[in-house]
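Trainee: I have a structure here, written as structure tokens, and I will follow up with some questions on it.
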Amino acid sequence: MNDVVVCDLQGDVAVLRIQNPPVNALSQAVRQGLMDGIVWAEQKARAVLIVGSGRTFIAGADISEFGKPPRDPWLPEVCNRIEASPIPVVASLHGTALGGGLEVALAAHYRIAVPAAKVGLPEVNLGILPGAGGTQRLPRLTGAEAALEMITSGRHVPAAEARTLGIIDEIADGEPEAIGLTYARQLIEQGHGPRPVSKMASPAPVDFDAWHDKALKAGKGQIAPATAVRAVQAAGELPFAEGLARERELFSGLMASPQREGLIHAFFAERAVAKLPELKEVAARPVGTVGVIGGGTMGAGIAASALLSGLTVALVERDDAAVEKARGTVETLLGTAVKRGKLGEPAFAEIKAQRFTVVTDFAALANADLVIEAVFEDMEVKREVFRQLDPVAKPGAILATNTSYLDVNEIAAVTARPADVIGLHFFSPAHVMKLLEIVVADATAPEVVATGFTLAKRLGKVAVRAGVCDGFIGNRILSTYRAAADHMVLDGASPYQIDRALVAFGFAMGPFAVSDLAGLDIGYATRKRKAATRDPRERVPSYADRLYEMGRYGQKTGRGYYLYSEGRRAGIEDPEVEAIIAAERDALGITPRDFTDEEIQRRYMTAMVNEGARVVEEGIARRPLDVDVTLLYGYGFPRWRGGPMKWADMVGLNDLLRDIEAFAKDDAFFWQAAPLLRRLADDGRTFDELNKQAKV
Ligand code: 3HC
Ligand code: NAI
């Protein structure tokens, strides 16, 4: 009935075809088109078919409209109008029917799908709940348990399972419109009329309180899944119209929440990171074979990640013993993937027989399209490896380093092809963690950068472009907020209180538990490396040196900040550590003071944002959103807060600046406001305005 919902008559059946690329989101025009289309269809036809054109049925409400004033007609009204039609309405699904898309399908009277279609109500991932009848109609079809599972997890359910659950009536191969028409005609011939889900019996009640508490706990601070349980509960306890009203009330509450704003920021930010103006029209180089140098923690994980994505891998280690060890590590990682159903036994056998070699000879790298170095974090060792690699690698091969902190320009300089050299900074464990920092050095060619992004996609990772500096985006910011945590310990906070306060904020782990995981020897080595150039005003966590000297390296030695016992991942607090820290404060002449959890969170976050602002201003991160995505995917930042820069916008940059000025009274060297933060605060602007201004 307009450009985006095209209506035509196919014999007795009126077809409403949604054409709103790329994913047929339910914008105002689509909602209006469906409303008008259904009225038109009722005058002309004996049945209605709703179908999406292009790659999918409907991916849901138009997320870009959220947070703006709502425009008529609302989706719940559209769904109710579809359901109220006196002639049968069929939805034919392909691609994904998600969120409002599935709600439109549930408002139709019959649903058919192609075998590859998926359905789901993923609204909780955006901080909301299904708001167009999904929480009321789905449980009437599937029962409460299945609906609760789908709605609280946001899982995409394959067509076959959706049919078993009662969501889909038929599955058929073919074009969505063709199978939908055949089905609609069948229904007419067999005299089937409308079959509104709202008239079906309410689902039998279950233990909704238990579901609510479980969702609250699993949400780790995120409220949408638990709130969604209450909406499904209404389907079990109230008549349909009242249930819908309850759903609307709960939906509106979530729509107004900062969590919704944070999660939607994350959704768009993770798609924006790959949009770089200099890569438009730049073709990536093909990558089929990957070389990996060094098969330790990172090299083995990188090799496993590449193998699991169908690439061929040649791994080079130092000596025969290291070769066997690396092979064993990679095969163990793949074996776990087999156990978890992520890799089939035949594919595992094929990898071992054909796609994976481990040797000591660099000549094995001659065929690699891209080589990733993951040897010790030592500039001389890395430069030597690149000197050896340069004459062996074929022309056009990309030479990458996985360094955490070192200068990629210096590494590139030992080769005759600096344009082909790039940093590909994976996170540990490399086959699991989703972040890949793509470190662009001075001479790196655009197609080499483009290849990095393509490789990330192939590996199922989210790639963020970073510039060269000590630690790039993530580790540089980490060094700063980690220092803020250390300063608080020096001044009187216990590491355990800090960890608890930050887990309560929403972090996956606190910084001291993270240190135990990474190894206290790493921090010790970094402090040693930086000692010679350290500004005398910088406060150093000397208590951490004491722990190191006692052999408390963290999980690997069974003792670090926490004590670890066999078979238990979580550590227990150790009074001895508190005593060591107290003695160190004494030695330094510090009188300890108390910190509230709120102050801990505030100092930690402010340090993070302030360094984030510097990283953006220096061009190490292109936009604030690149910092957000880095922290979300590499550092356990709570997604529902959107990322540190989004958090800062929501708290208010002026407030943060005031905090920095107050903190500076104790430590003026550490707490210097980043010029960008100060400018934005003075002008009453936000980081998000910089995101929106960035050229794409
Ligand atoms: N609204 C607006 N834009 C959307 C969108 C939506 N619901 N879903 C996807 N897009 C945009 C993306 O931003 C992207 O835009 P870009 O090309 O400019 O970056 C483009 O569509 C393609 O998306 P993807 O890159 O994500 O494509 P994929 O093929 O990888 O994935 C998808 C497709 C599985 C549909 C994925 O986009 C997705 O999960 N979308 C969100 C689905 C969702 O959460 N739906 C629920 C919405 S809330 C709702 O319906 C409320 C209702 O209950 C009232
Ligand atoms: P590791 O010590 O576990 O592994 C290094 C491996 O390189 C060893 O197996 C060693 O035998 C091998 N090696 C050393 N010199 C070699 C050479 N000349 N030729 C072939 N192999 C050689 O170290 P890890 O942790 O895997 O780190 C590797 C790199 O990845 C470092 O640059 C590190 O900074 C970086 N990194 C580490 C992360 C981590 O969490 N461990 C995270 C991200 C990056």
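Trainee: With respect to the numbered conditions (1) open to solvent by less than 20 Å² (accessible area, probe 1.4 Å); (2) more than 30 Å from GLN354 (Cα to Cα); (3) not in a helix (DSSP H, G or I), which one is the sole condition not fulfilled by GLY221?
Mentor: Here GLY221 meets the rest and fails (1).
Trainee: Among GLU123, GLU145, which is within 25 Å of GLU261 (Cα to Cα) and either at pLDDT below 95 or open to solvent by 10 Å² or more (accessible area, probe 1.4 Å) (or both)?
Mentor: Details: GLU145 fails: within 25 Å of GLU261 (Cα to Cα).
Result: GLU123 is the single residue among GLU123, GLU145 that is within 25 Å of GLU261 (Cα to Cα) and either at pLDDT below 95 or open to solvent by 10 Å² or more (accessible area, probe 1.4 Å) (or both).
Trainee: Residues that are in contact with a Leu (Cβ under 7 Å, 6 or more places away or on another chain): which helices (runs of 4 or more DSSP H) entirely in the range 102-178 hold 1 or more of them? So that I can check it myself, show each step before the final result.
Mentor: Working: elements: 134-142, 144-153, 159-165.
Here the list reads 134-142, 144-153.
Trainee: A further question on this structure: Kindly provide the set of residues from the range 534-547 that are under 34 Å from the mean Cα position of the chain (by Cα) and assigned to a helix (DSSP H, G or I), ordered by number.
Mentor: Passing the criteria: only ALA544.
Trainee: Can you work out which of the residues in the range 383-394 that are in contact (Cβ under 8 Å) with a residue 12 or more places away in the chain and not charged (D, E, K, R) is surrounded by the fewest Cβ atoms within 10 Å (Cβ to Cβ)? Walk me through how you get there before you give the answer.
Mentor: Of the range 383-394, the ones in contact (Cβ under 8 Å) with a residue 12 or more places away in the chain are 383, 385-390, 392-394.
When the remaining residues are screened for being not charged (D, E, K, R), the result is 385-386, 388-389, 392-393.
Working: VAL385: 23, PHE386: 21, GLN388: 15, LEU389: 21, VAL392: 17, ALA393: 24.
Applying the filter and picking the extreme gives GLN388.
Trainee: Please verify whether the range 160-174 includes one or more residues that are open to solvent by 50 Å² or more (accessible area, probe 1.4 Å), within 29 Å of the chain's Cα centre (by Cα) and over 27 Å from PRO76 (Cβ atoms).
Mentor: Restricting attention to the range 160-174, the residues satisfying the condition of being open to solvent by 50 Å² or more (accessible area, probe 1.4 Å) are 160-161, 163-164, 170-171, 173.
Filter once more, so that each one left must be within 29 Å of the chain's Cα centre (by Cα): 160-161.
Filter once more, so that each one left must be over 27 Å from PRO76 (Cβ atoms): 160.
Yes, that holds for at least one residue.
Trainee: Is there any pair linking a residue in the range 42-60 that is open to solvent by 40 Å² or more (accessible area, probe 1.4 Å) to one that is within 11 Å of ligand 1 (Cβ to nearest atom), with Cβ under 6 Å and at least six apart or on different chains, and which?
Mentor: GLY54/PRO21; ARG55/GLY95
Trainee: Might you check whether a residue that is modelled with pLDDT of 95 or more, β-branched (Val, Ile, Thr) and either surrounded by fewer than 21 Cβ atoms within 10 Å (Cβ to Cβ) or within 16 Å of ligand 2 (Cβ to nearest atom) (or both) occurs anywhere in the range 226-240? It would help to see each step written out before you state the result.
Mentor: Applying the first criterion (modelled with pLDDT of 95 or more) to the range 226-240 yields 226-240.
If we keep only those that are β-branched (Val, Ile, Thr) too, we end up with 227, 229, 232.
Retained after the next criterion (residues that are either surrounded by fewer than 21 Cβ atoms within 10 Å (Cβ to Cβ) or within 16 Å of ligand 2 (Cβ to nearest atom) (or both)): none.
No.
Trainee: A further question on this structure: Do any helices (runs of 4 or more DSSP H) entirely within the range 430-533 hold 1 or more residues that are in contact with a Cys (Cβ under 8 Å, 6 or more places away or on another chain), and if so, which?
Mentor: By residue number, 474-491.
Trainee: Checking the structure you have, find out if any residue of the range 565-575 is assigned by TED's automatic domain parsing to the domain that holds LEU490, more than 35 Å from the chain's Cα centre (by Cα) and assigned to a helix (DSSP H, G or I). Working first, answer last.
Mentor: Filtering the range 565-575 for residues assigned by TED's automatic domain parsing to the domain that holds LEU490 gives 565-575.
Applying the additional criterion that residues be more than 35 Å from the chain's Cα centre (by Cα) yields 575.
Keeping just the survivors that are assigned to a helix (DSSP H, G or I) gives 575.
Looking through the range 565-575, at least one residue is assigned by TED's automatic domain parsing to the domain that holds LEU490, more than 35 Å from the chain's Cα centre (by Cα) and assigned to a helix (DSSP H, G or I).
Trainee: I need the full set of residues from the range 67-97 which are under 22 Å from the mean Cα position of the chain (by Cα) and either free of Cβ contacts under 8 Å to residues at least 40 places away in the same chain or more than 8 Å from ligand 1 (Cβ to nearest atom) (or both), in order please. Lay out the reasoning, then the answer.
Mentor: Taking the range 67-97 as the starting set, the residues that turn out to be under 22 Å from the mean Cα position of the chain (by Cα) are 67, 95-97.
Residues satisfying the conditions are GLY67, ALA97.
Trainee: List the number of the failed condition for ALA210; all other conditions in (1) among the small types (Gly, Ala, Ser); (2) part of a helix (DSSP H, G or I); (3) touching a residue at least 12 places away in the same chain (Cβ under 8 Å) hold.
Mentor: (3)
Trainee: Show the residue pairs that are 6+ apart or on different chains and have beta-carbon atoms under 7 Å apart, the first residue being within the range 22-39 and over 18 Å from LEU98 (Cα atoms) and open to solvent by 10 Å² or more (accessible area, probe 1.4 Å), the second being of a type in the set (A, V, I, L, M) and modelled with pLDDT of 95 or more.
Mentor: Matching pairs, first to second residue: ALA29/VAL4; MET35/VAL78.
Trainee: When the range 407-429 is examined, which residues are found to be in a loop (DSSP other than H, G, I, E, B) and under 26 Å from the mean Cα position of the chain (by Cα)? Give the steps one after another, and end with the answer.
Mentor: Let us first name the residues in the range 407-429 that are in a loop (DSSP other than H, G, I, E, B), namely 407, 413-417, 427-429.
PHE427, SER428, PRO429, listed by residue number.
Trainee: Follow-up. Take the range 395-416 and flag every residue that is surrounded by fewer than 17 Cβ atoms within 10 Å (Cβ to Cβ) and without any contact (Cβ under 8 Å) to a residue 40 or more places away in the chain.
Mentor: Within the range 395-416, PRO395, GLU410, ALA413, ALA416 meet the criteria.
Trainee: Report, by residue number, each residue of the range 446-465 that is open to solvent by less than 30 Å² (accessible area, probe 1.4 Å) and out of contact with any strand residue (DSSP E or B) (no Cβ under 9 Å at 6 or more places or on another chain). Explain how you work it out, then say what you get.
Mentor: Narrowing the range 446-465 to residues open to solvent by less than 30 Å² (accessible area, probe 1.4 Å): 448-453, 455-456, 459, 461-464.
Across the range 446-465, the qualifying residue is only ALA450.
Trainee: State whether the residues of the range 83-96 include one that is surrounded by fewer than 16 Cβ atoms within 10 Å (Cβ to Cβ) and either within 30 Å of ALA160 (Cα to Cα) or at pLDDT 95 or above (or both).
Mentor: To start, the set of residues in the range 83-96 that are surrounded by fewer than 16 Cβ atoms within 10 Å (Cβ to Cβ) comprises 84, 86.
Keeping just the survivors that are either within 30 Å of ALA160 (Cα to Cα) or at pLDDT 95 or above (or both) gives 84, 86.
Yes: one or more hits.
Trainee: Let me ask something else. Taking the condition touching a helix residue (DSSP H, G or I) at 6+ places or on another chain (Cβ under 8 Å), under 22 Å from THR403 (Cβ atoms) and of a type in the set (Val, Ile, Thr), does ILE293 pass? Spell out how you get there, then give the answer.
Mentor: Numbers: touching a helix residue (DSSP H, G or I) at 6+ places or on another chain (Cβ under 8 Å): yes; under 22 Å from THR403 (Cβ atoms): yes; of a type in the set (Val, Ile, Thr): yes.
Yes: the conditions hold for ILE293.
Trainee: Could you list, in sequence order, all residues of the range 400-422 that are of a type in the set (Gly, Ala, Ser) and more than 10 Å from ligand 2 (Cβ to nearest atom)? First the steps, then the outcome.
Mentor: Initially, the range 400-422 is screened for residues of a type in the set (Gly, Ala, Ser), giving 400, 404, 412-413, 416, 419.
Residues satisfying the conditions are ALA400, ALA412, ALA413, ALA416, ALA419.
Trainee: Continuing with the same structure: Within the range 389-399, can you find the residues that are in a strand (DSSP E or B) and either more than 15 Å from ligand 2 (Cβ to nearest atom) or more than 19 Å from GLY299 (Cα to Cα) (or both)? Step through it out loud before you land on a result.
Mentor: To start, the set of residues in the range 389-399 that are in a strand (DSSP E or B) comprises 398-399.
Residue satisfying the conditions is ILE398 alone.
Trainee: Looking only at residues in the range 184-198 that are in a helix (DSSP H, G or I) and touching a residue at least 12 places away in the same chain (Cβ under 8 Å), which one is surrounded by the most Cβ atoms within 10 Å (Cβ to Cβ)? So that I can check it myself, show each step before the final result.
Mentor: Keep residues of the range 184-198 that are in a helix (DSSP H, G or I), which gives 184-189, 197-198.
From what is left, the residues that are touching a residue at least 12 places away in the same chain (Cβ under 8 Å) are 184-185, 187-188, 197-198.
Details: ALA184: 29, ARG185: 18, LEU187: 22, ILE188: 18, VAL197: 18, SER198: 19.
Step by step, filter the range 184-198, then rank; the result is ALA184.
Trainee: Count, please, the residues in the range 569-586 that happen to be among the acidic types (Asp, Glu) and open to solvent by 40 Å² or more (accessible area, probe 1.4 Å). Reasoning before the result, please.
Mentor: Initially, the range 569-586 is screened for residues among the acidic types (Asp, Glu), giving 573-574, 576, 578, 584, 586.
After this cut, where a residue has to be open to solvent by 40 Å² or more (accessible area, probe 1.4 Å) as well, the list is 573, 576, 578, 586.
Count: 4.
Trainee: Among the candidates SER202, SER257, single out the residue that is among the hydroxyl-bearing types (Ser, Thr, Tyr) and away from ligand 1 (no atom under 15 Å from the Cβ). Write out each step before concluding.
Mentor: On the way: SER257 fails: away from ligand 1 (no atom under 15 Å from the Cβ).
On inspection, the qualifying residue turns out to be SER202.
Trainee: Also, quick follow-up: Read through the list (1) among the charged types (D, E, K, R); (2) within 16 Å of ligand 1 (Cβ to nearest atom); (3) over 29 Å from the mean Cα position of the chain (by Cα), then give the number of the only condition that ARG185 fails.
Mentor: (2)
Trainee: Shifting gears a bit: Quick check, is LEU490 surrounded by 15 or more Cβ atoms within 10 Å (Cβ to Cβ) and without any contact (Cβ under 8 Å) to a residue 60 or more places away in the chain? Working first, answer last.
Mentor: On the way: surrounded by 15 or more Cβ atoms within 10 Å (Cβ to Cβ): yes; without any contact (Cβ under 8 Å) to a residue 60 or more places away in the chain: no.
No: the conditions fail for LEU490.
The values are calculated or read from the model by the stated rules, or taken from the named source; none is laboratory data. All values derive from a computational prediction rather than experimental measurement. Neighbour counts are summed over all protein chains in view; Cβ atoms, including those assigned to glycine, are modelled from backbone coordinates with ideal geometry. These area figures cover heavy atoms from the full protein model, side chains too; ligands, DNA and RNA do not enter into them. Shrake-Rupley method; radii C 1.70, N 1.55, O 1.52, S 1.80 Å.
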